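Below is one structure; the comments refer to it alone.
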Amino acid sequence: MKNQKQKAMSKMNIFHVFFELVPKIIKVSPWIFLCGFILNLIDGAIAGSMTFITQNFLDQATGYVSQKNGIVAVIYAMVGWGTMHIFWQMLNGVSYFMNMMYLRKTQGYLSLEINKKTSRLAAICYENPEILDDINKAEQGKNCAASFVNAIMITLNVHIPYFICMTIYLYKVKPILIVSLLLIFLPTLLTQILRAKVFSKAEDLSAPVRRECFYYESCMIGREYYKETRILGAFPYFKKKYVDLQKLLNQLIFHASAKSDLAELGMKLLSLIGYIGIIVLLFASLMNREISVGAFAAIFSAVGQMFSRMEEVVYRHFGSAARDFGMVRNYLQFLHREEREGIDIEIPEDTDIALQGVAFTYPNAENKAIDNVSFTIHHGETIAIVGENGSGKSTLVRLITGLYLPDDGDIFYGSANTKDLAIGSLYKKFSVVFQKYQQYQMTLRENIGIGDALKRAEDETLDYVCNQAGIDRNDSSFFKGYDTMLSREFDGTDLSGGQWQRIAIARSLFRPHQIIVLDEPTAAIDPIEETKIYHHFAEITKGKTALIVTHRLGSVKLADRILVMKHGKLVEQGVHKELVKAQGEYARLYMSQEQWYRT
């Protein structure tokens, strides 16, 4: 659900969003921003004064023709006009270069901002479709934010100074000309306000469709999916879904564009009336000798430029800002999303972990994944959590490790409640090998060393953890030792599932930890190999608190205590012999799997 700040952001208009975003843009590089701002102001002022300079040159030229002044005055006026034009063009070039350079730098900074924000969200956010849509919308908004501010800034410090100069000039020539200028400007401004509302609504509707579209695209061509997609012949199936969603996206964009373009057409007719009005007034003033020939020619030329600039301001700058407004607002809304907070404390090494009436339900789910679970993990104890697929084992581990917080009940580390602790206080206690562990396309050294990115992965340390995990760096697979690239995509090698599992375990051992968890990382290998890995794991974790999560029971005899989960509830706990003798859920599971482990 959206917090109060997000709800407030959803009601903000285009200027509120602009002023919210500007401090972030300035922070990227204050001096470059200031220089660009000053150059743009000078650019706008020169553009506005060029009409007066042009009039002066033309008046001097017509005066020379009528023998009212000499050639020297004409030459001076011409040199002034030419010098100003050259300086103006050079200034335009420098200003454009600085704007483009700053845009690229700003986009990089905003990308970093959104990545930092994403890293601070509670892990449960990634189970919520609404928040995943918000992340997708924020990504789109991030790409538009820099150009959004740039468009408004150019309007404010280039075009507005120009129009101020022109307004003053036209007022001095003939005040009624200002009315016609407003007839050009106001209709186009109203069009873009409507455009902002229309495209903002379209973006909200497009985000979930776009995210689904990206997913089907990865199913067709993503490295993770392409083998199975091709073997199954499923490419046409995913292609149809992708094309259907693209059609839906196009429809949303088309309807928004059609609605805004129709309004734009009507407003352009009003602008055209204003343009014609200025020309008629100019011609009448010339015929009545109210203005000079030079003033008529300069203003006639300037009116075309004003109309062109007006279209640039409204349709290019303000128009793009209006079009991007919804996405940029989504970006800021995401930055205002509530983060998981808490106090950062040092948890003692000999701490017990106590669960008291813990319950948890995933977002949009009807049934509880964990229901009223209570038990204590004592320091140095090896706990096995078993049960069928979907019994709540992995969810329970995520709660114990602090990835998720319970909806009901509490989890205590000594006297500290996980609901009150900062994420870092919990994470630094754990080292976890998940069922879907990562196979990083990096070297063997980096794959293990990323377990503690702040520590240098020296050969001596790597030898120690590899020996514990059963990895031989002299194996022919590692033809460059620890510097072997583990990816065929980058001219390296690929490994078997068992080798990758041992690397994942070595990575967890490389990380300093008080508690180590194996969350079904061996589910894809045969039960005999799994048993060997778990027995080796038991040897290397003696004296430490360890959790083993599995739905296969051949290796859990090594645990000090076995917890049996079923439908999210803790139904049994004890040692292997006691549980088999009790003839409950554990005995049923064990008897059904016993044949797997017979030699």
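Per the Cauchy relation, a quarter of the hull surface: what is the mean projected area of the convex hull of the alpha carbons in the range 352-511, in nm²? All intermediate terms of the calculation are to be shown ahead of the outcome.
Working: hull surface 46.0 nm².
That works out to 11.5 nm².
What angle do you read, to the nearest 10 degrees and between 0 and 90, between the alpha-carbon axis of helix 459-469 and the longest principal axis of the chain?
Once rounded, the angle reads 50 degrees.
If you place +1 on the Cβ of every Lys and Arg, -1 on the Cβ of every Asp and Glu, and leave all else neutral, what size is the dipole of the chain about its Cα centre, to the nearest 20 Debye?
1860 debye
Taking only Cα atoms, what is the 0 to 90° angle, nearest 10, from helix 235-287's long axis to the longest principal axis of the chain?
20 degrees
Once Lys and Arg get +1 and Asp and Glu get -1 on their Cβ, which of Leu270, Met591, Ser218 lies farthest toward the positive end of the dipole of the chain?
Result: Leu270, furthest along the dipole toward the positive end.
Sequence gap at least 6, Cα distance under 8 Å: using those rules, report the relative contact order of the chain to the nearest whole percent. Present the calculation step by step, with values, prior to reporting the outcome.
Details: 842 pairs, mean separation 90.3, N = 599.
Relative contact order of the chain: 15 percent.
Bins of 5 Å, beginning at zero and ending with the bin holding the largest distance: percent of Cα pairs per bin for the range 401-472, please.
Percent of pairs per bin, in order: 3, 12, 19, 19, 14, 12, 11, 8, 2, 0.
Translational D (Stokes-Einstein, µm²/s) of the range 439-512 at 20 °C and 1.002 mPa s when Rh comes from the Kirkwood sum over C-alpha pairs? Kindly include the intermediate steps, with their values, before the conclusion.
Details: Rh = 11.9 Å.
Taking Rh from Cα pairs, D becomes 180 µm²/s.
For the range 4-335, what size does the Cα cloud have along each of its three principal axes, sorted from largest down, in whole Å?
90, 43, 43
Of Lys116/Lys259; Lys68/Lys174; Lys419/Lys557; Lys455/Lys569; Lys201/Lys368; Lys436/Lys532, which sit over 29 Å apart, Cα to Cα?
On the way: Lys116/Lys259 38 Å; Lys68/Lys174 25 Å; Lys419/Lys557 33 Å; Lys455/Lys569 40 Å; Lys201/Lys368 35 Å; Lys436/Lys532 20 Å.
In this structure, Lys116/Lys259; Lys419/Lys557; Lys455/Lys569; Lys201/Lys368 exceed 29 Å between Cα atoms.
Putting +1 on Lys and Arg Cβ atoms and -1 on Asp and Glu Cβ atoms, find which of Thr443, Ala354, Ala284 reaches farthest to the positive end of the dipole of the chain.
Ala284
For the chain, what is the percent of antiparallel DSSP beta bridges, rounded to the nearest 5? Don't skip to the answer; put the middle values down first.
Details: 18 of 37 bridges.
Within the chain, antiparallel bridges account for around 50 percent of the total.
May I ask for the angle, rounded to the nearest 10°, between helix 319-335 and the longest principal axis of the chain, with both axes built from Cα atoms and the value confined to 0 to 90°?
Approximately 30 degrees, to the nearest 10.
Before rounding to the nearest 500, sum -39500 (n - 2.57) across all DSSP H runs of length at least 4 in the chain and divide by the residue total; then give [θ] at 222 nm in deg cm²/dmol. Don't jump to the answer; show the numbers that get you there.
Details: 19 runs with 363 residues, N = 599.
Mean residue ellipticity at 222 nm (helix-derived): -20500 deg cm²/dmol.
Using only the alpha-carbon atoms of the chain as identical scatterers, what base-10 log of I(q)/I(0) does the Debye formula give at q = 0.10, 0.11 Å⁻¹?
Debye output, listed in q order: -1.01, -1.14.
Read the figures in this text as sums done on the coordinates, not as results from a lab. What you are looking at is a predicted structure, and each value in this text was computed from that prediction instead of being measured. Note: ideal-geometry Cβ built from the backbone for every residue, glycine included; neighbour counts use all protein chains shown.
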